[in-house]
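In what follows, a structure is listed as structure tokens, so that the remarks can point back to it.
A short reminder: the numbers here are calculations on the coordinates, not readings from a lab. These numbers were taken from a predicted model, which means no experiment stands behind them. Please note: Cβ atoms are built from the backbone with ideal geometry, for glycine as well, and neighbour counts cover all protein chains shown.
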Amino acid sequence: MAEHSDAGHAEPSTAHALATRWLGVGLATVVSVVTLGLAVTGRLTLYISPETVWFAAAAAVVTLVLAVWSCTLPLGAEGDHDHTAREDGSDAAAARRRMLQTGAVVTGGVLASGVVIAGLLMPPASLSAELAVSRAGESPTLFAGADDVSLGVADTTTFGVGEWSTAFATSTRPENYDGAPVTLVGFVTPDEGGDVNLTRMVITHCVIDAQTASVPVAGSGLTESYETGQWIEVTGTVRADDDGTLRIEPDSVTEIDEPKDPYEY
């Protein structure tokens, strides 16, 4: 009976053990190495805010240390915990469980490997202008308390596109912004009125929570001179129209390359 029991509790195959280790330790190691590489080259901010870079890098280092330690374990040790569970059921039930586990490992391994390989092959890139255009019209909630500016509490010279976008959309006293000088950097997106918008993507923690911020830039010829997605630097003045609408009247518009850090935070 002991021989039958041993046969019923055969050890996992080498292929199964390798797949399990790759799905766990292998993928975690690759992701950690990529994370550290992006952090060292300064490109990790294309995915997360600068304030969280140190945390991601530290987590990657810890993961690598644990991955190295796990290599000291015998191949297949990950499945040792299954033996006790098999003793509580029949051989048929154990076989079904093993089949489901194998299917989950293979499916998860293929999907996770695809994501990791795509991350390795595709160069890091900022969120596109097409995404910003698709989100046009969303309510700007980027700068809480923007109306404090009307009381002279905030210094508008420190404002980026995100703060100005919310101020333009929510101000109850737009005349108090009239005449404010601005120098802003962003990319061009179309405006419903026929002019262009100066746009930035604003993130809080990572690109998943990215929001679109835009301010209108008035001026004839801008739509013909700059394509959607082109990065520009605008120096000008905020103007309030008679109906209370705010816009930027440009003094100069300069075509520039995409900044190393394309987001606002």
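Spin-label model, residue 155/residue 208: points 7 Å from Cα along the beta carbon direction are separated by 3.6 nm.
In plain terms, the residue of 173, 200, 239 with the fewest other Cβ atoms within 10 Å comes first and the most crowded comes last, giving 173, 239, 200. Counting beta carbons within 10 Å around each of 208, 256 and listing the fewest first gives the order 208, 256.
Among 214, 252, 70, sorting on how many other beta-carbon atoms sit within 10 Å of each Cβ, with the fewest leading, yields 252, 70, 214.
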